[in-house]
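Below: one structure, written as structure tokens.
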Amino acid sequence: MSKEDRGDMDHIKFLGTAGARVVVFKQIRASGGLWFQLKGKRILVDPGPGSLIRALSSRPKLDPTKLDAVILTHRHLDHSADVNVIIEAMTEGGWHKRGVLFAPQDALENDPVVLKYLRGFLRGIEVLKEGGRYLLDGIEIHTPLRHRHQVETYGLVLDRRIGLISDTLFFPELIEAYRGLEVLIINVVRAGPRDERIQHLTLEDAREIIASTRPTKAILTHFGMTMIRLGPREVARKLSEELGIEVIAASDGMTLPLP
Ligand SMILES: [Zn+2]
């Protein structure tokens, strides 16, 4: 299959796999977010620092003027730093009113991460809420529950088959919310023990989530330093063996075709 052919098939491209401050701000891994192509629609989730450059320098190039939506799971900079420049690119500086932004309320008000002058460039803004179901040209975007994180944060279920567990402390309700999906992407920032103060998933949490939700395929991403030191690829191999479920460690620029 040529690379051009893949452009029309459903897939996810990882424009970054960095999580936590050190890995992001030293760019030990890139932090451009996740680019989804689903049923002909293009959705960029969590455009962190460098997202625009990562999209444009991808091979084949990802064209931000073709985006249909941008989703912020939460306002932290590693998930939102490029949202304004992406909105400018998507709308060609406001000349073409298009695209929908999905974001929690607190990303839009009180020290907003989305600049007000850009909002009118968009076709629409949807405020994410717990239990929300939103339609983007026939694709369902579902936010099953609010995560436990320092700021208002939601995970996603796209098209009823692809889950993204964004930043959160582990809590048991995550299991029901993300059970039995085709692909489950998990932000696994830490290798150490669970720590209520840090509010990120650890490797042990990811193991429990994958073992209990039983996705067809699990993808680990958003790595902090402790995960990078362990070697995410080796970690994923061991988890696959142990759980009998395909587990993949995402890498920068990785493309995952969707069934
Ligand atoms: Zn965060």
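The values are calculated or read from the model by the stated rules, or taken from the named source; none is laboratory data. This one's a predicted model, so the numbers in the text were calculated from it and none came from an experiment. FYI the Cβ positions are ideal-geometry reconstructions off the backbone, even for glycines, and counts take in every protein chain you see. These accessible areas exclude ligands, DNA and RNA; they are computed on the full protein's heavy atoms, side chains included. Shrake-Rupley method; radii C 1.70, N 1.55, O 1.52, S 1.80 Å.
Miscellaneous remarks
- Counting heavy atoms of the protein chains alone, Glu241 has an accessible area of about 140 Å² for a 1.4 Å probe.
- Of all DSSP beta bridges in the chain, antiparallel share, percent nearest 5: 45 percent
- Of all DSSP bridge pairs formed entirely within segment 117-191, close to 75 percent run antiparallel.
- Cβ-Cβ distance of Glu130 and Arg194, R₀ of 30 Å, FRET efficiency by 1/(1 + (r/R0)^6): the value works out to about 0.85.
- Straight-line cross-link reach from Lys116 at under 13 Å between alpha-carbon atoms covers these aspartates and glutamates, not counting any fewer than eight positions away in the same chain: Glu88.
- Of Glu182, Glu130, Glu196, the one that fluctuates the most in a GNM where the chain has Cα springs shorter than 10 Å: Glu196
- For the pair Tyr117 and Gln150 in one chain, pulling the backbone fully straight at 0.36 nm per residue adds 9.2 nm over the alpha carbon distance.
- Amide H contacts of Met254 (H built 1.01 Å from N, under 5 Å, at least 5 apart or other chain): Phe14
- For the chain, a crude dipole built from +1 on the beta carbon of Lys and Arg and -1 on the beta carbon of Asp and Glu, taken about the Cα centre, is about 420 debye to the nearest 20.
- Rh (Kirkwood; distinct C-alpha pairs) - segment 73-131, Å: 11.6 Å
- What a 1.4 Å probe finds exposed on segment 1-146 is 52% carbon and sulfur by accessible area, rounded to a whole percent.
- Gyration tensor (alpha-carbon) shape descriptor, segment 19-171, a/c threshold 1.5: rounded
- Rounded to the nearest Hz, the phi-derived 3J(HN,Hα) couplings of segment 130-137 under the Karplus curve 6.51 cos²θ - 1.76 cosθ + 1.60 (θ = phi - 60°) are 4, x, x, 10, 10, 10, 10, 6, where x marks glycine and proline.
- Spin-label model, Gln105 to Ile53: label points 7 Å out along the Cα-to-beta-carbon direction sit 3.6 nm apart.
- Helix-only [θ]222 nm of the chain, DSSP H runs n ≥ 4, -39500 (n - 2.57) each, per residue, nearest 500: -6000 deg cm²/dmol
- If the chain linking Asp252 and Ala211 were pulled fully straight, counting 0.36 nm for each residue of separation and taking away their Cα-Cα distance, it would gain 12.2 nm.
- Measuring between their Cα centroids, segment 15-38 and segment 115-182 lie 18 Å from each other.
- Per residue accessible area of the chain, 1.4 Å probe, in Å²: 43 Å²
- Most fluctuating residue given options Ser51, Ser80, Ser212, as computed from a GNM of the chain linking Cα atoms under 10 Å: Ser212
- Hits among lysines - C-alpha to C-alpha of Lys238 under 19 Å, sequence gap 8 or more where chains match: Lys217
- Only lysines eight or more places from Lys26 in sequence, or on another chain, were considered; those with a Cα closer than 24 Å are Lys13.
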